[in-house]
Every structure is written in structure tokens, then in C-alpha cells.
Amino acid sequence: MNRNTKKIKNALAFLLFVFPVLLLFLVFFVLPFLMGVFYSLTSWDGIDPVVRFVGLANFQALATEANYLEIVGFTLAFVGLNVILTLGFGFFLALSLEKATKSNVTFRVLFFLPNIISPLVAGFIWSFLFNSVIPAIGDFAGLPLRDISFLGDPGLALGSLVTVSFWQSLGYVMIIYIAGMNNLDQSVLESVMLEGAGTWSRIRFIIIPLIMPAITVNLFWLLSQSFRLFDLNVSLTNGGPGKTTTGMALDIYREGFGRNMMGLASAKALVLFLIVFLVTAVQLKATKSREVSA
């Protein structure tokens, strides 16, 4: 058997193994994306078999839509607050629970448990807490908590959404950080301690640079989760009061399935995709460039 024949057989064997996964990727990811791009250039209502091409009219409509910029602004505010808080607190929580003692393992489990709860269920649970339990605690303690509308006030509603998302995501971020810290070369940390480096210096100049891969993973996951805010949005505030807490994903759903404007919904989905793509691309480039090896 000559070398060329062997290469061809290896290539065919490789394609045979890859083809099922490639087919699934094309059918369930690439094709729907291309169809979404196509429908964003139409005025299709999702029902009529006749699809009318309108070019960039849907994207032009977004520029003049009354609440769209507010929806985008709310989404970006939620993403920023959720990512910063969860990434920061998750890191210091991981530092506190890094050692695998019995008590630390118990706390790890307790902090991770909210992550396994469905966001839809978590939203309903916290809605009950905000509307009934917290006011009752206020009455018992003599505090005016019943006068505070955690879900009815636009500013507090954003904070409530961030709080619940933070509560759900913190444990997952903590576990990724701990995994990164457990892979650190202990001799490096011992060396800097012998040199007299303080706790903050070790964290800033040694631990953070060496666990940058874990930070990259957490940041990417948090960004994608935050931009795709939907279940929690529906169950906790349903986009209210008014549209002040309507995320981009919820707005896309309502546009397509509530108003039967699939063309405009597809355009909004494409805008969301471009925003997420640009943000994550910049994030990956920035964090990857800072990764170092021990």
C-alpha cells in the first residue's frame, strides 16, 4: 500500500467518524442560523406560506422602535452587573473554600445547589420571597419592608434579577475557580511566601495570572448566560413594570410568538447574536492574551 492510498483511507475513516456529528451540527445549528438571517430580511408572520422580501426594513425599524434601545440598555446593564458581581465574589469564595476540609466541602455543596434548580422555578420561588416572605419579616422586625416593591420598582427590579441570577451562578463559578486553584504549582506559592510577599500580592501577581484559564471559562459562561436571560425574566418580573426589565431574549420571543412578526424577531435575534459575538470575541482575546503557564 503506497503512502497516498493510506492517506486517502485515513481521510475517509476520519470523515466516517466525523460525519454524524457534522450532519447534526449543520442541521441543528448552521441551517437554523442561515434561515434566521434569511427571515430577518422578510416580513414573514410565521404562518403565511408566502414570504415577502423587505431587505433591511426590519433593521431600520429597530432604530425607530420606541422601547428597543431601552431593552438593549437593560440587557447590557444586567450583563455588566451580573458578570462583575458573580466573577468577583465567586473568586473570593473559592479562595475561602479552596482547601478540601469537611466543612469546606459542605459549604461547596450548599453554594452549588442553586445551580441545579431551573431558572424558571428559581424565579417563582424568589417572587414569593420578594412579595410575601420579606414583607412578613419586615412586619415581624418592625421594618418598613412592605413599602418596598422589589419587583414593581424598575431600579429594584433590575437588582432583584441580578440577585437571583447571582445566587444561582455563584456556586458554578466557585467550582471552576477551585479547580483552577487546585492545579496550581504549590512550589511557586511557597517560593513567593518565603520571599515575603503579602496575601494581596500573592493573589494579584501569582494566583490570578495562573488561574486565568479558569477566569476565561467563567467569564465566557457568565456572558452567554446573562445575554440569554429568559426563564428568570419571565418568572420573576415578566418584563415589568411595563417593559423596563424586558431582556432582549424575552423581547424576541414576544415579537415572534406574541405578535407573529417572525421577520422582525429574526432581525432582533441577529442583532443579539452580533452583540454576543463581538463581546465574547473581545473577552476571549483579552483573557487569552493574559494566560500564563506556571
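The values are calculated or read from the model by the stated rules, or taken from the named source; none is laboratory data. Being a predicted model, the structure only gives us computed values, none of them experimental. Every residue, glycine as well, gets a Cβ built from its backbone with ideal geometry; the counts of neighbours run over all protein chains shown.
Observations
- Cβ separations smaller than 6 Å between residues 6+ apart or across chains give the following pairs from the stretch 116-144 residues that are over 17 Å from Asn238 (Cβ atoms) to residues that are at pLDDT below 90: Ile134/Leu145; Pro135/Leu145; Pro135/Arg146; Gly138/Leu145; Gly138/Arg146.
- Checking Ser165, Ser118 one by one, the residue that is surrounded by fewer than 17 Cβ atoms within 10 Å (Cβ to Cβ) and either touching a helix residue (DSSP H, G or I) at 6+ places or on another chain (Cβ under 9 Å) or under 18 Å from Ser226 (Cα atoms) (or both) is Ser118 and no other.
- Residues that are assigned to a loop (DSSP other than H, G, I, E, B) and buried (at least 16 other Cβ atoms within 10 Å of the Cβ) do occur in the stretch 82-103, at least one of them.
- Any hit, the stretch 62-73, residues being of a type in the set (Val, Ile, Thr) and farther than 18 Å from Asp251 by Cα: no
One line per residue, one yes/no per condition, for (1) among the hydrophobic types (A, V, I, L, M, F, W, C); (2) within 15 Å of the chain's Cα centre (by Cα); (3) under 22 Å from Leu158 (Cβ atoms):
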{"position": "Ser43", "(1), (2), (3)": "no, no, no"}
{"position": "Val50", "(1), (2), (3)": "yes, no, no"}
{"position": "Glu65", "(1), (2), (3)": "no, no, yes"}
{"position": "Glu70", "(1), (2), (3)": "no, no, yes"}
{"position": "Leu76", "(1), (2), (3)": "yes, yes, yes"}
{"position": "Gly80", "(1), (2), (3)": "no, yes, yes"}
{"position": "Val83", "(1), (2), (3)": "yes, yes, yes"}
{"position": "Thr86", "(1), (2), (3)": "no, yes, yes"}
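- Selection status of Ile275, assigned to a helix (DSSP H, G or I) and either out of contact with any Lys or Arg (no Cβ under 7 Å at 6 or more places or on another chain) or in contact (Cβ under 8 Å) with a residue 24 or more places away in the chain (or both): yes
- Some residue of the stretch 206-219 being closer than 15 Å to Ile71 by Cβ and at pLDDT below 90: no
- Flag for Val18 being over 14 Å from Lys268 (Cα atoms) and in a helix (DSSP H, G or I): yes
- Test: residue in the stretch 73-81 that is touching a Gly at 6+ places or on another chain (Cβ under 9 Å), more than 27 Å from Leu223 (Cβ to Cβ) and of a type outside the set (Ser, Thr, Tyr): no
- Residue match in the stretch 69-79 (condition: over 30 Å from Leu170 (Cβ atoms), among the aliphatic types (A, V, I, L, M) and not in a strand (DSSP E or B)): yes
- Only one of Ala286, Ala267, Ala281 that is aliphatic (A, V, I, L, M), in a helix (DSSP H, G or I) and in contact with a Ser or Thr (Cβ under 8 Å, 6 or more places away or on another chain): Ala267
- Looking only at the stretch 63-81, and only at residues there that are at pLDDT 90 or above and surrounded by fewer than 17 Cβ atoms within 10 Å (Cβ to Cβ), the one that is nearest to Arg228 (Cα to Cα): Leu76
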